[in-house]
Amino acid sequence: MIQGNSLYVENVTGDDNQFTMFGVGVTAYVDLLEKSCSCREYDLIKRPCAHAMAALRSKHVNEYGMSIYKYSSHLYKVEAYLLAYMNSINIIPLESKWCVPEELLNVKILPPLVDIKLGRKRK
């Protein structure tokens, strides 16, 4: 939001969803319906970049802080997060269900032999 406040926004086409941003030596084109920006950040992560934030400020004036969520991907919403972690993930079954062959139960595994050097490391 802070970076977007320093950009000059112009609506060249007259459409409420297409804007041109002018900044320090940078010009960017934002389409809010397509969720795209010429800087490609908005295209890739589907979260409004500084240019898209400036366009939202121009379009929604006082209420642009809450409009961010309408123009972000559904992946960034609380519902998607809760659905992703709703079920527990059990990669390893319970120890009572393990099927270990007898020959492996009798094998003793020793730790590797390590030569411990005393003193401080020299650089």
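Readers should treat all values here as calculations from the given coordinates under stated rules, not as data from a laboratory. Everything numeric in this text was worked out from a predicted model, so none of it was measured. Note that we place each Cβ from the backbone using ideal geometry, even for glycine, and neighbour counts take in every protein chain shown.
Helix-only estimate, please: 222 nm mean residue ellipticity of the chain, summing -39500 (n - 2.57) across DSSP H runs of length 4 or more and dividing by its residues, to the nearest 500.
-6500 deg cm²/dmol
Would you list which lysines come within 27 Å of Lys77, measuring only between C-alpha atoms, while excluding same-chain residues fewer than 8 positions from it? By straight Cα distance, Lys77 reaches Lys35, Lys46, Lys59.
Highest average first, the peptides 72-79, 21-28, 94-101 ordered by how many other beta carbon atoms sit within 10 Å of their residues are 21-28, 72-79, 94-101. Roughly how tilted is helix 50-60, in degrees to the nearest 10 and between 0 and 90, from the longest Cα axis of the chain? The angle comes out at about 50 degrees. Can you tell me the FRET efficiency between Met66 and Lys46 if r is taken as the Cβ-Cβ distance and R0 is 22 Å, rounded to the nearest 0.05? Using R0 = 22 Å, I get an efficiency of 0.80. In this Cβ point-charge picture (+1 for Lys and Arg, -1 for Asp and Glu), region 2-84 has a dipole of about 240 debye about its Cα centre.
One decimal place: the segment Asn87-Lys35 gains 15.6 nm when fully extended, by the rule 0.36 nm per residue minus the C-alpha distance. Restricting the calculation to Cα atoms, region 1-85 shows an Rg/Rh of 1.00 when the hydrodynamic-style radius is the Kirkwood one. Remark: relative contact order (region 2-84) = 22 percent; criterion is Cα-Cα distance under 8 angstrom and separation of 6 or more residues. Note that region 86-99 has calculated 3J(HN,Hα) couplings of 5, 8, 6, 10, 10, 6, 9, x, 4, 4, 5, 9, 5, 10 Hz, one per residue in order, obtained from phi through the Karplus relation 6.51 cos²θ - 1.76 cosθ + 1.60 (θ = phi - 60°); glycine and proline are x.
Multiplying the residue separation of Ile109 and Val12 by 0.36 nm and subtracting their alpha-carbon distance yields 27.7 nm. The lysines within cross-link reach of Lys108, meaning a Cα-to-Cα straight distance under 28 Å and a gap of 8 or more places when in the same chain, are Lys97, Lys117.
Extension gain for the segment Arg122 to Lys77, taken as residue separation times 0.36 nm less the Cα-Cα distance, is 11.0 nm to one decimal. For the listed peptides 7-17, 82-92, a ranking on the average number of other beta carbons within 10 Å per residue, highest first, reads 7-17, 82-92.
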